[in-house]
1. Could you give the distance between the Cα centres of region 111-147 and region 1-76, to the whole Å?
2. Quick one: work out the % antiparallel among DSSP beta bridges in the chain, nearest 5.
3. For the chain, modelled as a GNM with alpha-carbon contacts under 10 angstrom, which of Asn26, Asn126, Asn246 fluctuates the most?
4. So if I place +1 on the C-beta of Lys and Arg and -1 on the C-beta of Asp and Glu, and nothing else carries charge, what would the dipole magnitude of region 1-85 be about its Cα centre? I want it in debye, nearest 20.
5. With a cut-off of at most 14 other beta carbons within 10 Å, and DSSP calling the residue loop, which chymotrypsin sites (Phe, Trp or Tyr not before Pro) in region 65-172 qualify? Please list them.
6. Compute, for region 29-71, the length of the dipole vector about the Cα centre, with Cβ point charges of +1 (Lys, Arg) and -1 (Asp, Glu) only. Units Debye, rounded to 20.
7. Compare the Cα positions of Asn20, Ala124, Trp73 along the charge dipole of region 1-156 (+1 at Cβ of Lys, Arg; -1 at Cβ of Asp, Glu; about the Cα centre) and return the one farthest towards the positive end.
8. Rounded to the nearest 10 Å², what accessible area does Glu228 have for a 1.4 Å probe in the complete protein model?
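The values are calculated or read from the model by the stated rules, or taken from the named source; none is laboratory data. Keep in mind the model is a prediction, meaning the values are calculated, not measured. No Cβ is skipped: glycine too gets one built from the backbone with ideal geometry, and neighbour counts run over all protein chains shown. What goes into the accessible areas is simple: the full protein's heavy atoms, side chains included, and nothing from ligands, DNA or RNA. Shrake-Rupley method; radii C 1.70, N 1.55, O 1.52, S 1.80 Å.
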Amino acid sequence: MSEQLVLTKIDGGVGVLTLNRPAVLNALSNEVMEALGEALLALENNDAVGAIVLTGNEKAFAAGADISAMKDWSYMDVYKSNYIGGPWETMKNAIRKPVIAAVSGYALGGGCELAMMCDFIIAADNAKFGQPEIKLGTIPGLGGTQRLTRAIGKSKAMDLVLTGRMMDAKEAESAGLVARILPLENFLEEVVKVAQGIAGLSTPVVMMAKQCVNAALETTLEQGLQYERRVFHATFATQDQKEGMNAFVEKRQANFRNM
Ligand code: CAA
């Protein structure tokens, strides 16, 4: 039987997905992205899961789209198959639960773009980010010119996209791409703890908060503020808002029931 391309483990309310093509630094093929899409949907539909962590291995989160697979494809091959559409976008199109990218090692090209599709990135101190596609005679195709620019601004995005250079975890954190850096030792365990903290909150309210932050990138400030207010009001229709506020007043731990 062939190796599974994406491994799933559930750990204390957190679905941990591990890209599993170490021999090619987790190069992202159509098959990997189909497996990832299916694994993400399974966690999205699992009521026991409140947060998801996506990771690779110490050497590579993912070193990009699979260059060996795509090198000979024609324009018509990629156009007709809508290459980098479909399952490559399951994360964006279908996942409402929070997803943390736990990045150690290389996150290059499609690997950096996949990390940016997640809700936030926690980097190990050995992480390296980059969009090296220009060196291959192509450009980023999974959002690199768009999400990276929104994350770190035009000047730095241009620097990375036009030169193809890598940036280390410190530079990525100070530029705003990475939310936090953690030591490589026990890295995944520590990221899972962060995710377990989120999984212990009200999952529907967490999903509402995620949707509102994402709206900030799609709307004017005024529309975004209106949208946020509406969703804030909507949280008052949940039992979890009552539980959270009563628990605070009663000086006890809240017990959210996702209702
Ligand atoms: N696709 C296919 N195979 C890859 C790969 C990729 N993106 N990245 C690495 N590999 C393979 C290598 O070919 C090598 O395989 P073999 O052992 O069979 O030769 C194996 O992984 C190990 O890689 P290296 O020997 O190159 O390892 P290294 O430590 O010397 O270098 C690296 C590491 C700097 C990350 C280097 O592998 C590298 O530059 N990889 C390519 C990075 C890249 O250009 N990514 C962009 C891809 S295009 C893209 O992603 C388009 C998009 O926007 C979606």
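1. A separation of 15 Å, based on Cα centres.
2. Details: 9 of 31 bridges.
Approximately 30 percent, going by the DSSP bridge assignments.
3. Asn246
4. Values: 5 positive and 11 negative charges, 43 e Å.
So the magnitude is around 200 debye.
5. Details: sites: Trp73, Tyr75, Tyr79, Tyr83, Trp88, Tyr106, Phe120, Phe129; in loops: Trp73, Tyr83.
Of the chymotrypsin sites (Phe, Trp or Tyr not before Pro), the ones in loops of region 65-172 whose Cβ has at most 14 other Cβ atoms within 10 Å are Trp73.
6. Working: 2 positive and 7 negative charges, 50 e Å.
For this selection, approximately 240 debye.
7. So the residue we want is Ala124.
8. Glu228 has an accessible surface of roughly 100 Å² with all protein chains in place.
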